[in-house]
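This is the structure, below, for whatever I ask next.
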Amino acid sequence: MRILVTGGAGYIGSHTILELLSAGYDVVAMDNFSNSKPAVIDRLYAVSGVRFRFYEADLGDSLALDKIFIENKIDGVINFAGAKAVGESVEKPLKYYRNNLSGMINLLETMARFECRQFVFSSSATVYGAGGTPPFREEDPLGALNPYGSTKLMGETILRDVSAADPEFSAAILRYFNPIGAHPSGMLGEDPAGIPNNLLPYIARVAVGRLPYLTVFGDDWPTPDGTGIRDYIHVVDLARGHVAALAYLAAHPGCVTANLGTGRGHSVLEVLHAFERACGRQIPYEVGPRRPGDNAVSYADCTRARELFGWQAQLGLEEMCADSWRFIQQNPDGIQ
Ligand code: WQD
């Protein structure tokens with residue numbers, strides 16, 4: 001089976017390529033390097049020992065997509081390519097609708113032309129909106145909190161409609177909770193450009209001295225220690241969830257939605273102290289105001305992924321922090 005991985009130089013895409021290769025899939029990857037680095041592809045070659053085909057291409061370029069499908073028999077696609085910064089999506093909604101939706105529609109039309117009918121979509125826990133009571137189940141009410149979340153919600157709707165129109169089309173909509181951690185080799189990891197929006201890469205840069213301290217966005221939440229609770233999942237577990245979902249799609253046409261989380265929540269301070277234990281040094285922090293758009297608690301009910309895909313997360317917060325720490329120690333200034 002040959003799988004096209006779009007956004008293959010990205011954080012989750014690169015880790016998924018490694019899991020696909022070790023599960024025996026052939027891989028073709030593409031990325032436009034708008035939010036990733038070419039060096040990641042070389043590192044994937046080094047870690048895996050496999051020089052899979054790579055194309056520098058954008059989902060908006062139909063000719064480039066045709067070339068990939070003409071030159072390679074593609075059996076399935078995992079679509080990681082897309083913009084994902086919540087704050088930026090509020091300032092530049094059209095960039096997000098073009099990147100995340102027009103790009104996906106282009107890809108789906110190309111797949112149809114080449115009779116490629118298996119599609120795995122990166123969705124996000126953000127589609128559970130502001131209301132609702134965790135643990136979130138797939139059939140819970142959905143809502144978008146920002147344009148980024150809207151692109152995920154609309155992407156899911158598009159896939160459900162395409163699947164209803166073409167009985168042979170099979171799609172897995174995977175709702176990620178909070179992916180953190182890094183490949184145990186220390187060669188791959190989360191390496192956002194600029195100041196990180198997300199908790200773990202921010203803490204890691206404080207630990208390595210690139211940032212002075214963490215600002216905790218509110219300690220007056222209705223949680224045991226007052227700080228926000230999220231379902232952090234090791235990126236390697238998340239990658240393995242994609243391999244399990246692909247295997248399911250090969251035998252089950254139709255459209256399936258599944259949470260990829262651990263089913264456990266951890267607070268900001270729990271994560272910070274876990275990282276302190278992993279790196280053996282104190283992480284200074286100050287409490288600041290709540291961040292607009294945040295909610296208090298989010299974590300997954302992962303029953304469906306376990307029952308359908310036979311998958312569940314194996315790695316705990318200690319491993320997530322230890323692997324993140326190893327990655328940033330080996331790459332204090334990020335991947336060059
Ligand atoms: C986690 C917790 C913050 C930074 C977002 C997107 C989601 C997905 C993952 C793309 C919260 C607190 C954070 C900081 C802090 N992105 N925090 N200080 O907001 O749960 O999810 O990223 O797919 O779609 O919504 O993740 O890491 O930003 O925040 O106190 O400097 O850490 O308040 O409680 P979030 P996060």
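Using the Cα centre of the chain as the reference point, and only Cβ charges (+1 on K/R, -1 on D/E), how large is the resulting charge dipole? Debye, rounded to the nearest 20.
340
Still on this structure: For the chain, calculate the relative contact order in percent as a whole number, restricting contacts to Cα pairs under 8 Å that are 6 or more residues apart.
Value for the chain: 19 percent.
Grab the other residues whose beta carbon is less than 11 angstrom from that of residue 302, score K and R as +1, D and E as -1, and report the net.
In short, 0.
A further question follows. When only alpha-carbon atoms are used, what values of Rg and Dmax, in angstrom, describe region 99-239?
My reading of the Cα-based Rg and Dmax gives 18.2, 54 Å.
GNM, the chain, Cα, under 10 Å: largest mean-square fluctuation among 73, 37, 92?
For the chain, modelled as a Gaussian network with Cα springs under 10 Å, the answer is 92.
What's the center-to-center distance, using Cα atoms, between region 77-126 and region 138-171 in Å?
11
Which one of 265, 228, 131 has the biggest mean-square fluctuation once the chain is modelled by GNM with Cα springs under 10 Å?
In this elastic network of the chain, the residue with the biggest mean-square fluctuation among 265, 228, 131 is 131.
Near the amide H of residue 287, under 5 Å away, which other amide H atoms are found, from residues 5 or more places off or on another chain, if H is placed in the peptide plane?
For residue 287, the qualifying residues are 216.
Next up: Could you list which residues have their amide H under 5 Å from that of residue 297, counting only those 5 or more apart in sequence or on another chain, with H placed in the peptide plane?
229
So with the 1.4 Å probe, I'd like the accessible area per residue for the chain, rounded to whole Å². Walk me through the numbers before you get to the answer.
Working: 14290 Å² over 336 residues.
Value for the chain: 43 Å² per residue.
Amide H to amide H, which residues 5 or more places from residue 257 or on other chains are under 5 Å from it, using H placed in the peptide plane?
Amide H neighbours of residue 257, under 5 Å, 5+ apart: 173.
Further question on the same structure: Per DSSP H run of n ≥ 4, the term is -39500 (n - 2.57); total these for the chain, divide by its residue number, and report the mean residue ellipticity at 222 nm rounded to 500 deg cm²/dmol.
Details: 12 runs with 132 residues, N = 336.
About -12000 deg cm²/dmol.
Using only the alpha-carbon atoms of the chain as identical scatterers, what base-10 log of I(q)/I(0) does the Debye formula give at q = 0.09, 0.13, 0.15 Å⁻¹?
Values, matching the q order: -0.44, -0.97, -1.33.
Could you run the Karplus curve 6.51 cos²θ - 1.76 cosθ + 1.60 with θ = phi - 60° over region 209-216 and give me ³J(HN,Hα) per residue in whole Hz, x for Gly and Pro?
Using θ = phi - 60°, the values come out as x, 7, 10, x, 6, 8, 9, 7 Hz.
Let me ask another. By how many degrees, 0 to 90 and rounded to 10, does the Cα axis of helix 235-251 deviate from the longest principal axis of the chain?
Result, in degrees: 30.
Expected output is a single nm value to one decimal: the length gained when fully extending between residue 88 and residue 210, i.e. 0.36 nm times separation in residues minus the C-alpha distance. What is it?
That pair, residue 88 and residue 210, stretches by 41.6 nm at full extension.
The values are calculated or read from the model by the stated rules, or taken from the named source; none is laboratory data. These figures come from a predicted structure and were not determined experimentally. No Cβ is skipped: glycine too gets one built from the backbone with ideal geometry, and neighbour counts run over all protein chains shown. Just the protein is used for accessible areas: all its heavy atoms, side chains included, with ligands, DNA and RNA removed. Shrake-Rupley method; radii C 1.70, N 1.55, O 1.52, S 1.80 Å.
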